[in-house]
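**Q** Sharing a structure with you now.
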Amino acid sequence: MSRVREWVAARFGGRGAKAASGDVGHLIAALNKAVFDSVADGILSLDQAGQITFVNRAGERLSGWSEREALGLAGERVFPFVADLPNQGRVVARERAEAVLRGRDGEVIPVEIVAAPIIEAGRVTGSVVVFRDIRERRHAEESRKLAAAVVEWSPQAIIVTDLKGQIIIVNPAFSSLSGFEAADIIGQPVSVLRSDHHDDAFHAAIRLALEREGIWCGEVWNRHKDGTPYAVWLSITRVAAEAGGGGFLVGFYFDITERKRHEEKILQAANHDALTGLPNRRMFEETLETALETARRDGHRVAVLLIDLDGFKAVNDTQGHDAGDALLCEMARRMAAAVRVGDMVARLGGDEFVVLLAPIDHDGAVRRVAEHLVEQLSRPVGFRAVTLAVSASIGIAFGDERMTGEDILKHADLAMYEVKRAGKRGYRLYTPSPSASLTDLRGMS
């Protein structure tokens, strides 16, 4: 301030000390007003009688009153919150509080207030009140409270991790679904939730999607605290931090285990025989086409063995359908035990079954399977107090990159009826014959 006074004295020195002193006072007041008007907070001053002596521009904007209109009015008339401030006489005491400013237009604005007495030369000459619009802060606080309530009460499991995958927040729905309480899991890596259903490539693909697009959603199998796997539909979003670098990963998910089981039951019913549990015709035909596509690509062959049970109708007629069903189930079990893990045994309907061997290296391996099947399917089956016996007629056809699934089944059917015509119980490889046709052979059983 002394430098300001020196500058003014030098500038106006010719007009006398008194004039210079007056100019300095006006200049200081102008500087003070310029500073106060540049402040975002509202500022007002009151004299000892509680009347307004100054309002800055922020105060004008928030209250709706201009300084010219407000000067000389009681503080509580323009700024009603003044009446609620503690005071000594008409002088506001030192105070920090939150209040409400009702503007001239009726708008209600929450404000934070800092008030203090003005002391000059050891004497209280008035009061100053600084007030700040806290609508944005209140809104942010309400948003945080709302977000906390959503996390707390959401029926979906919510989990928040840092970008390294360390768990920061979980909600009660997560604990209910996973078995992990917040105290058990916070600070742990998210990998503790993983089941054995997914390989490293699956998790790497999720990380890559989050890095590139910031979001990933899909079906995931997690692990319960007790080790039980369960399926969830998971949505992960990458959220940037409000300040600085880094961010968070927020996951929302819900249990779909029962839905998956229901879907599996539907798929099982659609693709499997209800009695034996073997794949049905539909699934066999789809698998055969896939095997042929692979054969076309890799240049190998597949073999189809069409199996008809000789004498099954007699069992049904003499022993009843319960006996027939039991016999079919046992035959299905023996067929499944006679082939490799990757091969397929299917029931086409009635007492007709089919085996798909793919890939095959040579005919000898197929013949050995057929011989084993003839032997196993001819063994008697005990049912209650009776013995059930059938045999098997097997037709074999080979397929390669030039064949269709329909062609192979027709060839296997022709070969199987050749066995029937020759006396049943045995197998035969399909060989083209100009004299034989499927129509000619269908009369045998």
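**Q** Relative to the Cα centre, what is the charge dipole magnitude of the chain, using +1 at the beta carbon of each Lys and Arg, -1 at the beta carbon of each Asp and Glu, and rounding to the nearest 20 debye?
**A** 1260 debye
**Q** On C-alpha positions alone, give me the angle between the axis of helix 321-337 and the longest principal axis of the chain, in degrees, nearest 10.
**A** 80 degrees
**Q** Which number gives the lysine pairs in the chain that have C-alpha atoms under 19 Å apart and are eight or more places apart or on different chains? Walk me through the intermediate numbers first.
**A** On the way: Lys313/Lys420; Lys313/Lys424; Lys410/Lys420; Lys410/Lys424.
For the chain, qualifying lysine pairs total 4.
**Q** Please compute one quarter of the surface area of the Cα convex hull for the chain and express it in square nanometres.
**A** Result: 41.9 nm².
**Q** How large is log10 of I(q)/I(0) for segment 31-185 at q = 0.17 Å⁻¹ when the intensity is taken from the Debye formula with one equal scatterer per alpha-carbon?
**A** Log10 of I(q)/I(0), two decimals: -0.90.
**Q** Hey, another quick one. Tell me the mean residue ellipticity at 222 nm calculated for the chain from its helices only (DSSP H runs of n ≥ 4, each -39500 (n - 2.57), averaged over every residue, nearest 500).
**A** Values: 16 runs with 186 residues, N = 445.
Computed mean residue ellipticity for the chain: -13000 deg cm²/dmol.
**Q** Spin-label point model (7 Å from Cα, Cβ direction): what's the Lys313 to Asp325 distance in nm?
**A** Each label point is offset 7 Å from its Cα along the Cβ direction, giving 2.2 nm.
**Q** Scan the chain and hand back the longest stretch that contains none of the GluC sites (Glu not before Pro) lying in DSSP loops with at most 14 other Cβ atoms within 10 Å. If you can, show how the numbers build up before the last one.
**A** Numbers: sites that count: Glu107, Glu181, Glu242, Glu401.
Here the longest run is 243-400.
**Q** A follow-up question, please. Out of Ala397, Cys217, Ile113, whose Cα points farthest toward the positive end of the dipole of the chain (charges: +1 Lys, Arg; -1 Asp, Glu; placed on Cβ)?
**A** Result: Ile113, furthest along the dipole toward the positive end.
**Q** If you don't mind, another one. So if we plug the beta-carbon distance of Arg207 and Val386 into 1/(1 + (r/R0)^6) with R0 = 51 Å, what FRET efficiency do we get, rounded to 0.05? Write out the running numbers ahead of the final one.
**A** Values: r = 63 Å, r/R0 = 1.24.
Given R0 = 51 Å and the Cβ-Cβ separation, E is 0.20.
**Q** Name the residue from Gly122, Gly75, Trp65 whose Cα lies farthest towards the positive end of the charge dipole of segment 51-167, charges +1 on Cβ of Lys and Arg and -1 on Cβ of Asp and Glu.
**A** Positive-most Cα among the choices belongs to Gly122.
**Q** Which order do Asp343, Asp133 take by accessible area at a 1.4 Å probe, largest first?
**A** On the way: Asp343 20, Asp133 55 Å².
Ranked from most to least accessible, the order is Asp133, Asp343.
**Q** Helix 405-421: angle to the longest alpha-carbon principal axis of the chain, degrees 0 to 90, nearest 10?
**A** Result, in degrees: 30.
**Q** Here's something else I'd like to know. Mean shadow of segment 296-445, computed from the convex hull of its alpha carbons, in nm²? Please list the in-between numbers first.
**A** Values: hull surface 36.9 nm².
So the Cα hull casts an average projection of 9.2 nm².
**Q** Would you work out the charge dipole size for segment 157-202 about its Cα centre, treating the Cβ of every Lys and Arg as +1 and the Cβ of every Asp and Glu as -1, and quote it to the nearest 20 debye?
**A** Approximately 140 debye in magnitude.
**Q** Here's another thing I want to ask about it. Suppose all protein chains stay in the model; what accessible area per residue would a 1.4 Å probe give for the chain, in Å²? Can you show the working numbers first?
**A** On the way: 25060 Å² over 445 residues.
Ligands and nucleic acids excluded, the result is 56 Å² per residue.
**Q** Measure off, as a whole percent, the carbon and sulfur share of the 1.4 Å-probe accessible area of the chain, all protein chains present.
**A** Working: 13180 of 25060 Å².
The computed percentage sits at 53.
**Q** Can I ask one more? Within segment 251-267, find all residues whose amide N lies under 17 Å from a label point positioned 7 Å from the Cα of Asp226 along Cα-to-beta-carbon.
**A** It comes to 257-258, nothing else.
**Q** Once label points are set 7 Å from the Cα along Cα→Cβ at both Val35 and Ala270, what is their separation, rounded to one decimal in nm?
**A** 7.8 nm
**Q** Could you size up the charge dipole of segment 264-325 around its Cα centre, putting +1 on the beta carbon of Lys and Arg and -1 on that of Asp and Glu, and report it in debye to the nearest 20?
**A** Here the size comes out at about 260 debye.
**Q** So what's the net charge close to Ser176: Lys and Arg +1, Asp and Glu -1, counting the other residues with Cβ under 12 Å from its Cβ?
**A** Summing Lys and Arg as +1 and Asp and Glu as -1 gives -1.
**Q** Moving to a separate point now. Helix 200-213 versus the longest principal axis of the chain: what is the Cα-based angle in degrees, 0 to 90, to the nearest 10?
**A** It is inclined by approximately 40 degrees.
**Q** What does the net charge come to around Thr276 if you take all other residues with beta carbon closer than 14 Å to its beta carbon, with K and R at +1 and D and E at -1? Don't jump to the answer; show the numbers that get you there.
**A** Working: positive: Arg281, Arg333, Arg334, Arg347; negative: Asp273, Asp325, Glu330, Asp351, Glu352.
The answer is -1.
The values are calculated or read from the model by the stated rules, or taken from the named source; none is laboratory data. What you see is a predicted model, and the numbers here were worked out from it, not measured in a lab. So basically every Cβ, Gly included, is an ideal-geometry build from the backbone, and we count neighbours across all protein chains shown. Calculation scope for accessible area: heavy atoms of the full protein, side chains included, ligands and nucleic acids excluded. Shrake-Rupley method; radii C 1.70, N 1.55, O 1.52, S 1.80 Å.
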